[in-house]
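Taking it in order: structure first as structure tokens, then the write-up.
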Amino acid sequence: MSEWFETLPSTHTRVWQTLGRGVKDRKSPARNLVLASTGVEGGAEARVVVLRAARPDQHEIEVHTDRQSAKTAELERDPQCTALIWDQKANLQIRLRANARLIHGDEAAWSRVPDGARQVYGGTPPPGAVLTDPTEHANAPALERFTRVILHIFEVETLHLGRDIHRRAQFLAPDWQGTWLAP
């Protein structure tokens, strides 16, 4: 019996299993992923976001943000981005290259966000504003500030760090057949 990392199809399946667990399990390494985008002034920007949905049939994942956050402006200017996950237990790095689509003020999605989590979508001053004291920020949940970020994936790259051999694979839209790459 072979291990999941020994074939391209099972490696691709493992990616979507990992993402699915990230949506459901708060302790999953895929729950909090790094999202990198091009900053408004051109430099690279990266931050941790919470995985909210994974749709393997559409090759999409979803995160949420505040409409007034810097990442919203960055993704509106240049929707190409990269999501990165490190699963230490599996010795697996997953890199997802994607195009972002932003949906502001989605009432149906907002209704599924727990009250406690709604606190981060809204408030004054907006994200990134300078404060003299952290208590100057007041939460004010606001539907119009809630933004769904749908990442439509066009490339998946994995790196499995094995004891004897590292395995790197790349899967490209639209066929997702996969290719082995030198690690």
Helix axis angle, 8-24 relative to the chain longest principal axis, alpha carbon, degrees
30 degrees
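Over the chain, with every protein chain in place, what whole percent of the accessible area is carbon and sulfur at 1.4 Å, could you tell me?
Details: 5190 of 10270 Å².
Ligands and nucleic acids excluded, carbon and sulfur give 51 percent.
Express the accessible area of the chain per residue in Å², computed with a 1.4 Å probe while the remaining protein chains stay in the model.
Working: 10270 Å² over 183 residues.
Value returned for the chain: 56 Å² of accessible area per residue.
Restricting to DSSP loop positions (anything but H, G, I, E, B) with no more than 10 other Cβ atoms inside 10 Å of their own Cβ, which trypsin sites (Lys or Arg not before Pro) remain in the stretch 105-183? Provide the component values of the computation, followed by the final result.
Values: sites: Arg112, Arg118, Arg145, Arg148, Arg163, Arg167, Arg168; in loops: Arg112, Arg163.
Sparse-neighbourhood loop trypsin sites (Lys or Arg not before Pro): Arg112, Arg163.
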Tally Lys and Arg at +1 and Asp and Glu at -1 over the other residues with C-beta under 9 Å from the C-beta of Leu159: what net charge comes out?
+2
Which value in Å is the Kirkwood Rh of the chain over different Cα pairs?
17.6 Å
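The values are calculated or read from the model by the stated rules, or taken from the named source; none is laboratory data. Quick caveat, the model's predicted, so the values are computed rather than measured. Here Cβ is always computed from backbone atoms with ideal geometry, including for glycine, and neighbour counts include all displayed protein chains. Heads up: the accessible areas ignore ligands, DNA and RNA and are worked out on the full protein's heavy atoms, side chains in. Shrake-Rupley method; radii C 1.70, N 1.55, O 1.52, S 1.80 Å.
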